[in-house]
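**Student:** Let me begin by handing over the structure; questions about it come next.
The values are calculated or read from the model by the stated rules, or taken from the named source; none is laboratory data. Remember, predicted model here, so these are calculated numbers, not experimental data. Reconstructed Cβ throughout: ideal geometry from the backbone, glycine too, with neighbour counts over all protein chains shown.
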Amino acid sequence: MIDLNNKVVIITGGTRGIGLETAKVFCANGAKVIIFGSKEETVNKALTELTKDGYKVEGYYPDLVNLEEIENTLKKIYNNYGQIDILINNAGISANKKIEETTTLEFDNIMNINVKAIFNMVKAVVPYMKKQNKGVILNTSSMVSIYGQPSGVGYPASKFAVNGMTKSLARELAPFNIRVNAVAPGIIKTDMVASLSKEMIDPLIKTIPLGRIGEPEDIANAFLFLASDMASYITGVILQVDGAAHN
Ligand code: NAD
C-alpha cells in the first residue's frame, strides 16, 4: 500500500470512469478525496457510491471553464482542509467527427474542457501549492497525443496541448517543489468502451500487444504511483499506460 494518509486530493471528472476509480483507489490508500463533476446529480450519485464503501468524500461542480468559480471552490476547500496536496485534471470529452462535419463550436468546446479547464485549475491551485512549497499535479492525456487519430481532430489536438502544458509547467514549477506529470491511457473500459459490441472490441484487442483492453484501475494505479513520494524525482513525464498499443 502506498501511504497517502491525510493528503488532500482534488479529482476533476471524478463522477465516473477513470476519475471515479481513481477516487476509490486514492481513498483506499488513505487520501482525503474531493471530486469535481459537471452536475449536482452526477456528483451526488458518485458520492453515494463512494460513501457506501465507507469513504469520506466531498464533491463540487464548478464550471471548469470559469476561473472565478474554480478559485472560489478551491478557496473553500483550502479553508476546510488547510492544504491541497494533489490535483488530478481528469475531466475530458472526446470527438470522432470528420473535419467537414465538426463545427468551430464543437472544436472550442473540446479545447475548453480538455485544455482551458486544466489551465484554470492549475492557475487556481498553484498559489496554495507554492505556499506549501510542495504539490503534485497530474493530467490525463491519451495515446492519441502520440499518434493522433483518423477523425475528431480536436481531441488529439487537445491532448497534444495537455502534454505541452505538462512538460512546460513541470519546468516552471519545479523550483517550488511542485511536480507535474501526465498519464496517457490507451483504450480503457469505461462506459463508452464497455458498450461496444464484441465484433468491435475483438479487432481492437488484436492491436494491443498485451492482449487486453485497459481497466480504469490500471490508470488509477499509475496516478497513485505518480502522486506518491515513490515518484519524488519524476516530473515532466507523459506515462503511457496502454499495453503498448501506441507501438
Ligand atoms: P467518462 O466520459 O467516463 O468521464 C468523463 C468525466 O469528465 C466525467 O466525470 C464527467 O463529469 C467529466 N466531464 C465531462 N465534461 C465535463 C464538463 N463540461 N465539466 C466538468 N466535467 C466534465 O470518460 P473517461 O473515459 O473516464 O475519461 C477520463 C479521462 O481519460 C478523459 O480526460 C479522457 O480524455 C481520458 N482518456 C480516456 C480513455 C478511455 O479509453 N476511456 C483513453 C484515453 C484518455
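**Student:** Starting from residues that are modelled with pLDDT of 95 or more and of a type in the set (F, W, Y), keep the ones in the range 55-85 and report whichever is nearest to I137 (Cα to Cα).
**Tutor:** For the range 55-85, the residue satisfying everything is Y78.
**Student:** Now, a different point. Could you pull out the residue among I219, I178 that is β-branched (V, I, T) and farther than 18 Å from F26 by Cα?
**Tutor:** Answer to the selection: I178.
**Student:** On the basis of being under 24 Å from T235 (Cβ atoms), of a type in the set (D, E, K, R) and at pLDDT 95 or above, does K134 make the cut?
**Tutor:** yes
**Student:** A further question on this structure: Given the options V126, V180, name the one that is within 19 Å of the chain's Cα centre (by Cα), surrounded by 14 or more Cβ atoms within 10 Å (Cβ to Cβ) and part of a helix (DSSP H, G or I).
**Tutor:** Residue meeting the stated conditions: V126.
**Student:** Under 19 Å from Y78 (Cβ atoms), assigned to a strand (DSSP E or B) and modelled with pLDDT of 95 or more - does that describe any residue in the range 99-121?
**Tutor:** No, the range 99-121 contains no residue that is under 19 Å from Y78 (Cβ atoms), assigned to a strand (DSSP E or B) and modelled with pLDDT of 95 or more.
**Student:** Mind telling me which of the residues P156, P209, P203 ends up being surrounded by fewer than 17 Cβ atoms within 10 Å (Cβ to Cβ), without any contact (Cβ under 8 Å) to a residue 24 or more places away in the chain and either more than 18 Å from G17 (Cβ to Cβ) or touching a Cys at 6+ places or on another chain (Cβ under 9 Å) (or both)?
**Tutor:** P203
**Student:** Now, a different point. Name the strands (runs of 3 or more DSSP E) wholly inside the range 1-77 in which the number of residues that are within 16 Å of the chain's Cα centre (by Cα), closer than 19 Å to K189 by Cα and in contact (Cβ under 8 Å) with a residue 40 or more places away in the chain is 1 or more.
**Tutor:** So the answer is 8-12.
**Student:** So, in the range 145-155, of the ones that are assigned to a helix (DSSP H, G or I) and at pLDDT below 95, which residue ends up farthest from N89 (Cα to Cα)?
**Tutor:** Looking at residues that are assigned to a helix (DSSP H, G or I) and at pLDDT below 95, I get Y147.
**Student:** Another one. From L239, L196, L169, which residue is free of Cβ contacts under 8 Å to residues at least 60 places away in the same chain and either surrounded by fewer than 17 Cβ atoms within 10 Å (Cβ to Cβ) or over 18 Å from the mean Cα position of the chain (by Cα) (or both)?
**Tutor:** L196
**Student:** Checking the structure you have, find out if any residue of the range 218-228 is under 27 Å from V8 (Cα atoms), part of a loop (DSSP other than H, G, I, E, B) and modelled with pLDDT of 95 or more.
**Tutor:** The answer is yes; a qualifying residue exists.
**Student:** Tell me which residues, restricted to the range 88-106, are away from the ligand (no atom under 14 Å from the Cβ) and buried (at least 17 other Cβ atoms within 10 Å of the Cβ).
**Tutor:** T102
**Student:** Let me confirm something: among S158, S168, which residue is more than 11 Å from the ligand (Cβ to nearest atom) and either in a helix (DSSP H, G or I) or touching a Phe, Trp or Tyr at 6+ places or on another chain (Cβ under 7 Å) (or both)?
**Tutor:** Exactly one residue qualifies, and that residue is S168.
**Student:** Of the residues in the range 188-217, how many are in contact with a Ser or Thr (Cβ under 7 Å, 6 or more places away or on another chain) and part of a loop (DSSP other than H, G, I, E, B)?
**Tutor:** Matching residues across the range 188-217 total 0.
**Student:** May I ask you to say which residue of V115, V183, V144, V136 is touching a residue at least 12 places away in the same chain (Cβ under 8 Å), within 16 Å of the ligand (Cβ to nearest atom) and under 24 Å from L67 (Cβ atoms)?
**Tutor:** That would be V115, the only listed residue that is touching a residue at least 12 places away in the same chain (Cβ under 8 Å), within 16 Å of the ligand (Cβ to nearest atom) and under 24 Å from L67 (Cβ atoms).
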